[in-house]
Amino acid sequence: MVVAAEKYIHLTNLAVSAALDPDRWQVFLDELGQALGTRVCTQLIGYDQLTRAAPLAYSSGYDPDILELYEKHYADKNPFAANFSKCAVGEVISTFQLCPPDALKKTEFYADLLAPLEDITGGGGAMLAYDADRMFLIGGNMRARDRDKYEDDWLSLCVGLTPVIRQSLEVNRTISGLSFEKWAAEQHFLGTGTAIFVVDPDMSIHYACAEAQLLLDRGTLVRNGFDRRLEFRSETIQQEFSAFTRFQSRGEHDIFKNWRFSDQDGQQWTCRTLALRLADLDRTPFGIFMDKSISAVLVALKPERNRVSFGDHVQRVLGLSQAEAATVLRLGDGLTPAEIAKDRQISVHTARNQIKSALSKTGSRRQSDLVRKVEQLRLQTEWPS
């Protein structure tokens, strides 16, 4: 075995955990890139037109400026991509097999992207899925001078992990489903303790997971109303939620909404919702429980714990000010700068400046990158949400 048994099992467990929580792919790639004792830049990319899920695009180890240059100028000029269609699904292939080095070094792609990163022309990867509807692949780039010592080990590691990764992607596809996959993955709401409801525009409950049913039974936050309709105990939240479902009934799909409020016992809760139409889903993680021709609203409720402590942790690890950390945490909750400003009682200008400063301090190019860093800290430390 090219890595210690404990390390291999750990990587396998991370890939398996990503089946239920797609954000774990980032953690998996970060650790995979360090598994051999030398730096390997890793990536997991792809798309699925059947599910209409957001494109999968995770990477680790690449210079952010190089990634930006690739996205702007070279995404459609990748000499490796020209031979992707020749790769058998599940088969591991080296970079030199995809594009011979003599041909590669004549390209601007090599001169502008690979050479500046210490000539990362070695490595390889595997085609995980490739058909009319989707394409997924995993790959790693290492320095040319490391090829003789590490490339065979890297390819062997890919051989062992590829079946596990493929299985996890299939689970992602099956349980997540289209628009819901985007919502669940980006908002990280499939963890322990999340109550998930599915209601129609009349707020009738069509699905409640075990945690959601416990909340209904307890009755301090939500309850069963007339004709099994979801009712929030807070009149203000109930009015806002009713307005949200009315938007959905008019066909305003894929609308995100976030609230934070307390129940009758003083417990703080985060509520996130996504509007969709079930006819847009080829699969649903909830089974056949309602007519697919009607609209639906997915509701996730999760208790908040240790928010102040985790904010201190984010501040310390990412090198942010206390104010920046507070803003970044709310950005991770899905709030807009305007909503953050209202929640923190600051101006929108201040909120935007704090986000901009946090992006700079953490080397993040986009807000989604910054949010992912916070989620990585939460996952790596197993910090309660």
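The values are calculated or read from the model by the stated rules, or taken from the named source; none is laboratory data. No experiment lies behind these values; they were computed from the predicted model shown. As a convention, Cβ positions derive from the backbone with ideal geometry for all residues, glycine included, and neighbour counts pool all protein chains shown.
Annotations for the structure displayed:
- Among the residues making up the stretch 158-170, those that are closer than 20 Å to Leu36 by Cα and either touching a strand residue (DSSP E or B) at 6+ places or on another chain (Cβ under 9 Å) or among the β-branched types (Val, Ile, Thr) (or both) are Cys158, Val159, Leu161, Thr162, Val164, Ile165.
- Residues in the stretch 226-250 that are under 20 Å from Asp265 (Cα atoms) and not in a helix (DSSP H, G or I): Leu230, Glu231, Phe232, Arg233, Ser234.
Yes or no, residue by residue, for (1) touching a Cys at 6+ places or on another chain (Cβ under 7 Å); (2) without any contact (Cβ under 8 Å) to a residue 60 or more places away in the chain; (3) not hydrophobic (A, V, I, L, M, F, W, C):
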{"site": "Leu11", "(1), (2), (3)": "no, no, no"}
{"site": "Ser17", "(1), (2), (3)": "no, yes, yes"}
{"site": "Ile45", "(1), (2), (3)": "no, no, no"}
{"site": "Phe80", "(1), (2), (3)": "yes, yes, no"}
{"site": "Ala88", "(1), (2), (3)": "no, yes, no"}
{"site": "Ala103", "(1), (2), (3)": "no, yes, no"}
{"site": "Thr107", "(1), (2), (3)": "no, yes, yes"}
{"site": "Pro116", "(1), (2), (3)": "no, yes, yes"}
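- Listing of helices (runs of 4 or more DSSP H) fully contained in the stretch 1-109 that carry 1 or more residues being assigned by TED's automatic domain parsing to the domain that holds Asp131 and either in contact with an Asp or Glu (Cβ under 9 Å, 6 or more places away or on another chain) or within 22 Å of Val371 (Cα to Cα) (or both): 5-20, 24-32, 64-69, 95-98
- Filter pass, Tyr110 being among the aromatic types (Phe, Trp, Tyr), surrounded by 15 or more Cβ atoms within 10 Å (Cβ to Cβ) and within 25 Å of Glu170 (Cα to Cα): no
- Residue match in the stretch 242-255 (condition: in contact with a Leu (Cβ under 7 Å, 6 or more places away or on another chain) and at pLDDT 65 or above): no
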